[in-house]
Amino acid sequence: MKHKNIVILTGAGISAESGIDTFRAAGGLWEKHPVEQVATPEGYAKDPELVHNFYNMRRAALKTVAPNPAHEALGRLETGLAEKGGMLTLVTQNVDDLHERGGSKAVIHMHGMLTSMLCGVCEHRWPYFEDAKADMSCPSCYVQNTCRPDIVWFGEMPYQMETIEAALAACDLFVSIGTSGAVYPAAGFVQMARALDKDTLELNLDPSQGSHHFHESRHGPASRLVPEWVDEVLK
Ligand code: APR
């Protein structure tokens, strides 16, 4: 095997064929819902009910979608690499749970998860699958009006950055799948990998903003590109 220790970053493009809207396409989420309103701490402070309703809608939509062959191929890759003495670190910017439902066991959700709630006071987090309301009480500290979606908003620090940076330093290949490369720090992982002399590969519908940084870029739908590439790695 050429590559045994692989770090993968996924974005909205991997879930697009499952029926989840991406962010920056025409008609995408940020065209229908202003970022400042629904994805910033300031927007939440101004109108928590509106913000909860936005994430309630997206959480409810998870019940109507299923993982596609790209998610399933990454689940297969995790197991296949482990069997050959290798390792996969799967980092996603997605807040859906389709990687887990596609068979991935260890997923780093650097932008949080729709199926998790966070107390803004005591920082307790807990699994959450139903509609949330702004006046809910935290089940740990019992303070009211403090429960927010466990989502990293603009201006906040993504989760597990130290773990991700350590994985990039230890890997021999970095792969980016279905992300526009518009949002940092994730968009900078390819430059970090290049600085560390790692191989880099992009799998995306079309060239991303950072496409030129990758050693190789393959273009097409994730449901085709990802299973094909996983077969190559595991053969
Ligand atoms: N297969 C592969 N790639 C696809 C597919 C597909 N079927 N459909 C769309 N894409 C690509 C698009 O070409 C685009 O480059 O996926 C990318 C999606 O880009 P964005 O909508 O910008 O989503 P993402 O990169 O995940 O956004 C990053 O921005 O607003 C924040 O927090 C949000 O995590 C998100 C972050």
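Restricting 168, 234, 173, 205 to those that are in contact (Cβ under 8 Å) with a residue 60 or more places away in the chain, more than 25 Å from residue 44 (Cβ to Cβ), within 16 Å of the ligand (Cβ to nearest atom) and surrounded by fewer than 21 Cβ atoms within 10 Å (Cβ to Cβ) reduces the list to 205. Just one of the listed residues (26, 60) is open to solvent by 20 Å² or more (accessible area, probe 1.4 Å), of a type outside the set (S, T, N, Q), over 19 Å from residue 146 (Cα atoms) and in contact (Cβ under 8 Å) with a residue 24 or more places away in the chain, namely 60. Scanning segment 193-201 for residues that are without any contact (Cβ under 8 Å) to a residue 12 or more places away in the chain, in a loop (DSSP other than H, G, I, E, B), open to solvent by 70 Å² or more (accessible area, probe 1.4 Å) and within 13 Å of the ligand (Cβ to nearest atom) turns up nothing.
The residues of segment 138-163 that are in a strand (DSSP E or B) and within 19 Å of residue 59 (Cα to Cα), listed by number, are 147, 148, 149, 150, 151. Flag: residue 117 matches the condition of being part of a strand (DSSP E or B), away from the ligand (no atom under 16 Å from the Cβ) and either assigned by TED's automatic domain parsing to the domain that holds residue 48 or surrounded by fewer than 20 Cβ atoms within 10 Å (Cβ to Cβ) (or both). Among the residues of segment 3-31, those that are among the charged types (D, E, K, R) and either at pLDDT 90 or above or under 19 Å from residue 68 (Cβ atoms) (or both) comprise 4, 17, 21, 24.
Kindly indicate whether any position in segment 8-19 is among the charged types (D, E, K, R), within 16 Å of the ligand (Cβ to nearest atom) and closer than 19 Å to residue 128 by Cα. Within segment 8-19, not a single residue is among the charged types (D, E, K, R), within 16 Å of the ligand (Cβ to nearest atom) and closer than 19 Å to residue 128 by Cα. Restricting attention to segment 130-152, the residues that are more than 16 Å from the ligand (Cβ to nearest atom) and touching a helix residue (DSSP H, G or I) at 6+ places or on another chain (Cβ under 7 Å) add up to 4. Exactly one residue among 42, 78, 72 is in contact with a Pro (Cβ under 9 Å, 6 or more places away or on another chain) and at pLDDT 95 or above, and that residue is 72.
Considering only residues of segment 29-56 that are hydrophobic (A, V, I, L, M, F, W, C) and surrounded by fewer than 14 Cβ atoms within 10 Å (Cβ to Cβ), which is nearest to the ligand (Cβ to nearest atom)? So that I can check it myself, show each step before the final result.
Filtering segment 29-56 down to residues hydrophobic (A, V, I, L, M, F, W, C) leaves 29-30, 35, 38-39, 45, 50-51, 54.
Now narrow it down to the ones that are surrounded by fewer than 14 Cβ atoms within 10 Å (Cβ to Cβ): 35, 45.
Details: 35: 7, 45: 19 Å.
Going through the qualifying residues, I end up with 35.
The set of residues in segment 90-138 that are within 21 Å of residue 185 (Cβ to Cβ) and among the β-branched types (Val, Ile, Thr) comprises 91, 92, 95, 107, 108.
Residues that are open to solvent by 20 Å² or more (accessible area, probe 1.4 Å) and not hydroxyl-bearing (Ser, Thr, Tyr) were ranked within segment 215-229; the one that is nearest to residue 13 (Cα to Cα) is 221. The residues of segment 208-231 that are more than 8 Å from the ligand (Cβ to nearest atom), assigned to a helix (DSSP H, G or I) and in contact with a Leu (Cβ under 7 Å, 6 or more places away or on another chain), listed by number, are 226, 229, 230. Among what's in segment 176-192 and is of a type in the set (Gly, Ala, Ser) and in contact with a helix residue (DSSP H, G or I) (Cβ under 7 Å, 6 or more places away or on another chain), pick the residue that is nearest to the ligand (Cβ to nearest atom). Filtering first and then ranking leaves 178.
The values are calculated or read from the model by the stated rules, or taken from the named source; none is laboratory data. As the structure is a prediction and not an experimental result, all values here were calculated from the model. Reconstructed Cβ throughout: ideal geometry from the backbone, glycine too, with neighbour counts over all protein chains shown. Each accessible area value is taken on the protein alone, full model and side chains, heavy atoms only, with ligands, DNA and RNA left out. Shrake-Rupley method; radii C 1.70, N 1.55, O 1.52, S 1.80 Å.
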